[in-house]
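The next block holds one structure in the form of structure tokens; read it before the comments.
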Amino acid sequence: TAGAIVVRSRQPDGINEGSVNLELGTDGYARAQFEGGAQLSEDVAGRVALRFVRQDGYLQNDEPGQDDIGGYEVGAFRGALSWSPSIDTEATLSLGYENDNRDSGYPFLLRDSNAWQETPSFERKMGYATLNFRHDFGAVELYSVSSYLKYDIHNFTDNSDGYLFGAL
């Protein structure tokens, strides 16, 4: 058997609506989210979503002055504009950005101390733009997808202790 799961972000539909969601929890957990959409003119609709999530580390760092390990902060944005000048023509521009910063929790714990002079880290910045265009000529329909994606990833780890303590 075969199958597929298609996940699509909600597209601008001209319905004026919005929502806000806030959450707070233990260990510094916080999440804030906003999403909304609106009819901006007779033939233009827009939609936007913003999200921020953070949490403190889950592994105590015994090195003085260093943060606990395993915390994260993620901020993301997605916006889309849809232009429909006629029933035969439609264009949608989608833009998005994400900034993901987290401390890398190690897959092992040291026996007597969890001390790192510089906390292991992971940072990813991602941005994209996509333009979908459709026009029905009657006998033929043109559909075009143009896209741009940029990743910037920085990963800092020092796994030498893993090899050392794994041999014990």
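The values are calculated or read from the model by the stated rules, or taken from the named source; none is laboratory data. Please read all numbers here as calculations on a predicted model, not as lab measurements. A quick note on method: Cβ atoms are made from the backbone with ideal geometry, for glycine too, and the neighbour counts reach across all protein chains shown. Side chains included, ligands, DNA and RNA excluded: accessible areas come from the protein's heavy atoms. Shrake-Rupley method; radii C 1.70, N 1.55, O 1.52, S 1.80 Å.
Just name one of 77, 55, 28: the one whose Cα is farthest towards the positive end of the charge dipole of the stretch 1-93 (beta-carbon charges, Lys/Arg +1, Asp/Glu -1).
Sorting the options by dipole projection puts first 77.
Give, as a single signed number, the net charge of other residues whose beta carbon lies under 10 Å from the beta carbon of residue 70, with Lys and Arg counted +1 and Asp and Glu -1.
Numbers: positive: 102; negative: 27, 56, 67, 68, 103.
The answer is -4.
State in Å² the accessible area per residue of the stretch 1-79; use a 1.4 Å probe, count heavy atoms of protein chains only, and round to the nearest integer. Let's see the in-between values first.
Working: 5380 Å² over 79 residues.
For the stretch 1-79, the per-residue accessible area is 68 Å².
Two decimals, Cα atoms only, Kirkwood Rh: what is Rg/Rh over the stretch 35-80? All intermediate terms of the calculation are to be shown ahead of the outcome.
Details: Rg = 19.1 Å, Rh = 13.6 Å.
Using only Cα positions, Rg/Rh for the stretch 35-80 is 1.40.
Measure off 7 Å from each Cα along the Cα-to-Cβ vector at residue 10 and residue 38, then give the distance between these two points in nanometres to one decimal.
For residue 10 paired with residue 38, the spin-label model returns 1.6 nm.
On the protein heavy atoms, probe 1.4 angstrom, tell me the percent of accessible surface of the stretch 10-76 carried by carbon and sulfur.
Values: 2090 of 4130 Å².
With neighbouring chains kept in place, the figure for the stretch 10-76 is 51 percent.
Based on alpha-carbon atoms only, what is the radius of gyration of the stretch 22-103 relative to the globular estimate 2.2 N^0.38 Å?
Numbers: Rg = 19.4 Å, N = 82, 2.2 N^0.38 = 11.7 Å.
Here the Cα radius of gyration is 1.65 times the empirical estimate.
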